[in-house]
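These notes are about the structure you will find just below.
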Amino acid sequence: SIDLDGLLIALPELDRPRQSGINVISQKRKVRIAVARDNAFCFYYQDNLDLLEQCGAEIINFSPLTDADLPPDIGGLYLGGGYPELYAGQLSHNNGLRDRIKQASRNCMPIYGVLLIRSHFSSMGEWL
């Protein structure tokens, strides 16, 4: 058997975020995060987006299906869940946006996304 009480007592004390609020990080300039929002990328937890805004981020929505470029002056990219496999053809033909995302990645822009997107599209010979 496992002594859970003993394990909990042995854990070091940590500063944990309070559920009643969040410490907002003071920034001179807001970071702009591009969030993919369309029929292909439509699953987001609103709490996550709210938390980003509470920490000083400005959320900028864009559509990987229809936009030819990423929004200007962004500091990060968020590709949520959804149905990219259903829109693989349309996404793979958006060469301008695909190239901008590749360039952003090569320039070390933080990109958060569903990990299976790359393997999904690579197996089709297109997209990232």
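The values are calculated or read from the model by the stated rules, or taken from the named source; none is laboratory data. Since we're looking at a predicted model, the values are computed, not measured. Cβ atoms come from the backbone with ideal geometry, glycine included; neighbour counts cover every protein chain shown. Ligands, DNA and RNA are stripped out before the accessible areas are found, and what is left, the full protein with its side chains, is counted by its heavy atoms. Shrake-Rupley method; radii C 1.70, N 1.55, O 1.52, S 1.80 Å.
Do the conditions hold for residue 23, that is, is it open to solvent by 50 Å² or more (accessible area, probe 1.4 Å) and at pLDDT 95 or above?
Working: open to solvent by 50 Å² or more (accessible area, probe 1.4 Å): yes; at pLDDT 95 or above: no.
Taking the combined requirement at face value, the residue does not satisfy it.
Counting just the residues of region 51-103 that are on the phi > 0 side of the Ramachandran plot and not in a strand (DSSP E or B), which one comes out least open to solvent (accessible area, probe 1.4 Å)?
Residue satisfying both the conditions and the ranking: 56.
Being under 18 Å from residue 32 (Cβ atoms), open to solvent by 30 Å² or more (accessible area, probe 1.4 Å) and among the basic types (Lys, Arg): is that true of residue 106 here?
So residue 106 does not fit the description; no.
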